[in-house]
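Dropping a structure here in structure tokens format, bear with me for questions.
The values are calculated or read from the model by the stated rules, or taken from the named source; none is laboratory data. All values reported here derive from a predicted model rather than from experimental measurement. Note that we place each Cβ from the backbone using ideal geometry, even for glycine, and neighbour counts take in every protein chain shown. Just so you know, the surface numbers come from the protein's heavy atoms only, side chains and all, with ligands and any DNA or RNA stripped out. Shrake-Rupley method; radii C 1.70, N 1.55, O 1.52, S 1.80 Å.
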Amino acid sequence: MQTAVPSARTSWQKWALHSKRFRAILAGCEEYMEKILILLKEAIVPIATCVLSGIISYIVSVRTANKWVPAYRKKYEELRIEVAESLTMYANLYTNPIDIAKTENHQLPQNYAEASSKLRNLASKLKAFSETMPPRIRKVPSKEAIDDASSCLIGLSNSFTTPYNSNISDAERRNTYKYENDLRQILQLPLVKR
């Protein structure tokens with residue numbers, strides 16, 4: 001039995017054949033490579049310009065935003081202090097709501113009206129602050145958290161009175177304490193145990 005042994009000539013012929021194919025492929029590739037290089041030259045400049053302008057815009061916006069951050073942080077601290085003062089000042093009123101039906105002339109006493117108005121005013125200041133602040137500022141709660149704090153202040157300002165001709169229920173009292181504690185947590189003020 002004879003086995004087919006490739007001769008040197010057939011191997012050389014195969015190599016030559018492959019080399020011709022390889023050259024033909026390379027010749028075809030050179031045309032494509034030239035086209036690709038032309039496309040890259042035409043595309044690289046606009047792409048690089050776009051990327052570079054994006055990087056420059058980002059750097060400018062970060063630097064500009066960082067200039068305003070201290071002012072926003074200061075404003076937040078001022079509002080936080082004002083809220084803390086008001087919570088301490090008016091805690092005796094919003095934890096002891098009154099029934100307008102049981103007052104003289106069926107009107108809210110002046111100190112209750114002023115306290116309710118003050119808390120509502122603070123709520124509107126917090127809401128305005130959250131609507132105008134940049135997206136992220138270190139050491140300042142998120143916009144959503146500040147909106148929640150504003151809602152808690154509105155809830156507290158509404159808790160100075162009870163429904164007409166009724167006494168305060170435990171649920172209403174718990175609601176008032178919840179508003180206060182939620183507000184204190186959001187603004188990172190010490191919690192009050194009741």
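Rundown of residues vs (1) farther than 20 Å from Ala91 by Cα; (2) at pLDDT 90 or above; (3) outside any helix (DSSP H, G or I); (4) open to solvent by 20 Å² or more (accessible area, probe 1.4 Å), yes/no style:
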site	(1), (2), (3), (4)
Pro135	yes, no, yes, yes
Leu153	no, yes, no, no
Ser157	no, yes, no, no
Ser166	yes, no, yes, yes
Tyr177	no, yes, no, yes
Asp182	no, yes, no, yes
Gln185	no, yes, no, yes
Gln188	no, yes, yes, yes
Arg194	no, no, yes, yes
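Asn66 passes all but one of (1) at pLDDT below 85; (2) open to solvent by less than 90 Å² (accessible area, probe 1.4 Å); (3) part of a helix (DSSP H, G or I); which number fails?
Failing condition for Asn66: (2).
Run Ala149 past the list (1) among the aliphatic types (A, V, I, L, M); (2) more than 24 Å from Ser117 (Cβ to Cβ); (3) in contact (Cβ under 8 Å) with a residue 60 or more places away in the chain and report the number of the one that doesn't hold.
Every listed condition holds for Ala149 apart from (2).
Now a separate question. If we scan region 96-104, do we find a residue that is in contact with a Ser or Thr (Cβ under 8 Å, 6 or more places away or on another chain), modelled with pLDDT under 85 and of a type in the set (D, E, K, R)?
Within region 96-104 (the criterion being in contact with a Ser or Thr (Cβ under 8 Å, 6 or more places away or on another chain), modelled with pLDDT under 85 and of a type in the set (D, E, K, R)), the answer is yes, since at least one residue qualifies.
How about region 37-63: which of its residues are open to solvent by less than 70 Å² (accessible area, probe 1.4 Å) and either at pLDDT below 75 or over 17 Å from Pro135 (Cβ atoms) (or both)?
Ala43, Ala48, Ser53, Gly54, Val62
Does region 74-97 contain at least one residue that is open to solvent by 20 Å² or more (accessible area, probe 1.4 Å), among the basic types (Lys, Arg), over 15 Å from Asp182 (Cβ atoms) and free of Cβ contacts under 8 Å to residues at least 40 places away in the same chain?
yes
While we're on this one: Quick one: would you say Glu34 is at pLDDT 90 or above, in a helix (DSSP H, G or I), surrounded by 10 or more Cβ atoms within 10 Å (Cβ to Cβ) and among the acidic types (Asp, Glu)?
no
Output the qualifying pairs, or none if there are none: Cβ atoms under 7 angstrom, residues six or more apart or on different chains, first residue in region 127-141 and among the basic types (Lys, Arg), second residue part of a helix (DSSP H, G or I).
Lys127/Asp147; Lys127/Ser150; Lys139/Arg73
Could you grab me the full set of residues in region 141-180 that are touching a strand residue (DSSP E or B) at 6+ places or on another chain (Cβ under 8 Å) and over 27 Å from Ala128 (Cβ atoms)?
Of the residues in region 141-180, the ones touching a strand residue (DSSP E or B) at 6+ places or on another chain (Cβ under 8 Å) are 160-162.
Across region 141-180, the qualifying residue is only Thr162.
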